[in-house]
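Inspection log for the structure reproduced underneath, given as C-alpha cells.
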Amino acid sequence: MWLVVSVLMAARAYAQYDAAFTNYWALQSYFNPATSGLDGQLNVQGAYSMQMAGFEGAPSTMLATADLPLFFLSPRHGAGVGFMNDKIGLFSNKKLYIQYAYHQPLWGGRLSIGARVGFLNETFDGSKLDVNDSGDPAFASSEVNGTGVDVDAGLRYTYKKVWYVGASSMHLTGPAIKLGDDKTHQVQVSRLYYLTGGYNIRFKKPEYALYTSAILRTDLQAWRGDVTARLAYDGEKIHLYGGVSYSPTISVAVLVGTTFHGINIGYSYELYTQGIGALNGTHELVLGYQTDLNLFKKGKNLHKSVRLL
C-alpha cells in the first residue's frame, strides 16, 4: 500500500517537488519572495492542505508565512519568514526560510526584486516500508533524514491595485540531500519556475469586484497551471468572496471565504478530473491576518482585509 501511495504522490506533483495550493493567490510571499512587505502591511498567512482525501498516507501540507515592510530603513524594503511541512507517504519535507525584497517605483507602479535563503530537512521512514527483500540496500529499513541549503529568487511588477505579473524560481541551487548516517540515500531537488499574474475588475457598484489570477509551475519537464476567478462583496459589515479555479487536465475547485476585523478565513475543495473519485479531492483551509504598519500616517495600524492582489 505504501508503495502505491508513493506513486500516487509523484503523480500529484507531476514530478515537481513543491505542493500546489489552490489558494495560491493568498500565499504569494511563499511563491515569490519579491512580494515581502509589498503592500506596506504586516501580512500573516497560514494554510493547511489535505490532499487525496481517503487514501492512506495521502499528502498533507502545512504552511505559515509572515512578511512586513522595514520602515526603519525605508518603505522600499521588506522582509519575511516562513515554515512549510509537507508529508507525502513515507516522506516528510520541511523548509524554514527568511527572505528580503526591494521595491522600486516604476512607470506608475512598483518593480520588486526578492531573494530567499532556507534550510530543507528531508525524512524517510523506512521502518514502515513493506518489501519482499528486507535486505535490499536500495530501501532504507529505518528512519533516515538529511538537510540542505535552499535558495529562491523572484521579480514582480505591480501596477497600483489593478494588475500584476511575477516570475520566480525555487531551489536555484538544486540541492542534493543525502539521507542517513552513511549518506547512501539521496533526494535530488530540481529547480522549479513560477509565472504569476492577476487583474482586478471593478463594477459600478463599488462594493463588488472580480479578482482574476493565474499561476504556472514548471520544472521544464512537466507543468501545472491554475486559473482562478473570485467574486468579492465588501459591504459595510459583511465581507465575503466565492470563486472557482481550474487546472487543465488536473482539477476544478470551488473557493469561499470571509473577512472580519482584518482576519480572513477561506476554504476550498479541489476535485480531480481524472482517475480519482469525487470524494477523494483536496480540502484546503487558509487563515490570514493583515494590518497597517505605516507608522508615518494618521490612523495607523487600522485593520485591513487580506491581500487581494
Failed condition for A253, given (1) at pLDDT 95 or above; (2) surrounded by fewer than 17 Cβ atoms within 10 Å (Cβ to Cβ); (3) farther than 26 Å from Y159 by Cα, with all others met?
-> (2)
Pair list, Cβ < 9 Å and 6+ apart or interchain, from region 109-126 residues that are over 23 Å from F83 (Cβ atoms) and without any contact (Cβ under 8 Å) to a residue 40 or more places away in the chain to residues that are surrounded by 17 or more Cβ atoms within 10 Å (Cβ to Cβ) and among the aliphatic types (A, V, I, L, M) = G126/L90; G126/A140; G126/V144
When restricted to Y24, Y30, Y48, the only residue among the aromatic types (F, W, Y), farther than 20 Å from Y164 by Cβ and at pLDDT 90 or above is Y48
Which of (1) surrounded by fewer than 17 Cβ atoms within 10 Å (Cβ to Cβ); (2) among the small types (G, A, S); (3) closer than 23 Å to L111 by Cβ does A167 not meet, given it meets every other one?
-> (1)
Determine if region 253-270 includes at least one residue that is aromatic (F, W, Y), free of Cβ contacts under 8 Å to residues at least 12 places away in the same chain and either farther than 30 Å from F55 by Cα or in a strand (DSSP E or B) (or both).
-> no
Screening A34, A47, A58 for residues that are crowded, with 17+ Cβ neighbours inside 10 Å and part of a helix (DSSP H, G or I) leaves only A34
Region 85-113, residues that are touching a Gly at 6+ places or on another chain (Cβ under 9 Å), under 19 Å from A34 (Cα atoms) and among the hydrophobic types (A, V, I, L, M, F, W, C) | L96, I98, A101, I113
Of the residues in region 217-250 that are of a type in the set (S, T, Y) and part of a strand (DSSP E or B), the one that is nearest to K205 (Cα to Cα) is Y233
Of all residues in region 160-216, count the ones that are farther than 30 Å from G235 by Cα and among the charged types (D, E, K, R).
-> 5
Single unsatisfied condition, F260 versus (1) within 17 Å of the chain's Cα centre (by Cα); (2) of a type outside the set (G, A, S); (3) surrounded by fewer than 19 Cβ atoms within 10 Å (Cβ to Cβ) = (1)
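The values are calculated or read from the model by the stated rules, or taken from the named source; none is laboratory data. All values reported here derive from a predicted model rather than from experimental measurement. Positions of Cβ are generated from backbone atoms using ideal geometry, with glycine treated the same way; all protein chains shown enter the neighbour counts.
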